[in-house]
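Beneath this line is the structure, given in structure tokens, with notes to follow.
Nothing in this text is a laboratory measurement; each read-out follows from the coordinates by a stated rule. All figures in this text were calculated on a predicted structure; none of them were measured in a lab. So basically every Cβ, Gly included, is an ideal-geometry build from the backbone, and we count neighbours across all protein chains shown.
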Amino acid sequence: MNAAFDSRAASYDHGFTGTTIGRLMRQAVWRRCDARFPTGSRVLEMNCGTGEDAVHLGKRGVRVFATDIATSMVEIASQKIAQAEVGNLVTVAQLAWEQLDLLEEGLFDGALSNFGGLNCVAHIESVKQPLAKRLRPGAIALLCVMGPLTPWEWIWYLLRKQPGKAFRRLKPEGTTWSGLRIRYPSIRAIRRAFAPEFRAVRISAIGAILPPPYAERWARRHPAMLKRLDRWERRMETVPPLPWLADHYLLELERVAAVDQFERLKDRKRADPTGE
């Protein structure tokens, strides 16, 4: 996995972060980060990539422990943090989701995983406990995940006579990219994987009305239309079924206190005495 993302690190900002569509999608996530992570809070960021989110949070006075599996991503993120002069607030380390149990940094007030990091985790339910142990009760985890149902992608690739790409997210076993298996879990699957330690409090669309990032050439030719689409999406981002039909969905999970977990488990047992 390290090698797959190391090879992409140098071109990532050019191919996504710096694009018109990529900026709009990231700004949508930032609005939720700003709403959930106040100045002075301490946030754990997984799969931080080239550090764009960590720098944004650091400039707002949020303390960030940013991690990524790829050596090159960590190096680029470190450079950005130094250039932005937020090194007193932001720390970067090499760490994979699967290594979260090894982290010894105390408790955090929130967590962030942006743009598909969880899609690369083979067994998502395995990271629930390690993440829960590192978040205070009431903390919010913002998880931006690539979903399985993407009408934009279907239309885009079917018009180009590429049905394999159009419906690749529907494959139960996922798809292969640079030797890495990418899976596309549904919102329901993520919610179930993180319960009962976490409960969903908000779900929004990132790229349902907005076109996908690979439509950048179209976006540059139609800036007024792109702004209109972005405005519509932001107004309707939580309205069903948009989160279920988006390139990414942003799931906001609250870390549930132990007593709340116990009550939720009792309710579930009463509803289903057989435990099935």
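List of remarks:
- Anchor Lys171: aspartates and glutamates whose Cα lies under 20 Å away (excluding residues fewer than 8 positions away in-chain): Glu125, Glu153, Asp247
- Shape of the stretch 151-260, Cα gyration tensor, a/c cut at 1.5: oblate
- In the frame of its principal axes, the stretch 1-137 has Cα extents of 36, 33, 25 Å, reported largest first.
- When you count the other C-beta atoms within 10 angstrom of each residue and take the mean per peptide, 47-55, 233-241 line up highest first as 47-55, 233-241.
- Stokes-Einstein translational diffusion, the chain - Kirkwood Rh over all Cα pairs, 1.306 mPa s, 10 °C, in µm²/s: 82 µm²/s
- When the Gaussian network model of the chain links Cα atoms closer than 10 Å, the mean-square fluctuations of Ser41, Ser178, Ser113 top out at Ser178.
- Of the beta bridges in the stretch 92-206, as assigned by DSSP with both residues counted there, near 40 percent are antiparallel.
- Our coupling estimate for the stretch 124-131, obtained by passing each phi through the Karplus curve with A = 6.51, B = -1.76, C = 1.60 and θ = phi - 60°, is 4, 4, 6, 9, 4, 5, x, 5 Hz, Gly and Pro reported as x.
- Considering helices alone, the calculated mean residue ellipticity of the chain at 222 nm is -11500 deg cm²/dmol, with DSSP H runs of length four and up weighted by -39500 (n - 2.57) and normalised per residue.
- Amide hydrogen neighbours beyond the local backbone of Phe198, cut-off 5 Å, H modeled: Val256
- Antiparallel DSSP beta bridges within the stretch 2-270, percent to nearest 5: 50 percent
- Most fluctuating residue given options Trp97, Trp218, Trp154, as computed from a GNM of the chain linking Cα atoms under 10 Å: Trp218
- Total formal charge among the other residues, if their Cβ is under 10 angstrom from that of Arg42, Lys/Arg +1 and Asp/Glu -1: 0
- Dmax and Rg, reported as Rg then Dmax, of the stretch 101-215 (C-alpha, Å): 16.0, 51
- Distant-in-sequence amide H partners of Phe108 (H built 1.01 Å from N, under 5 Å): Leu135, Arg136
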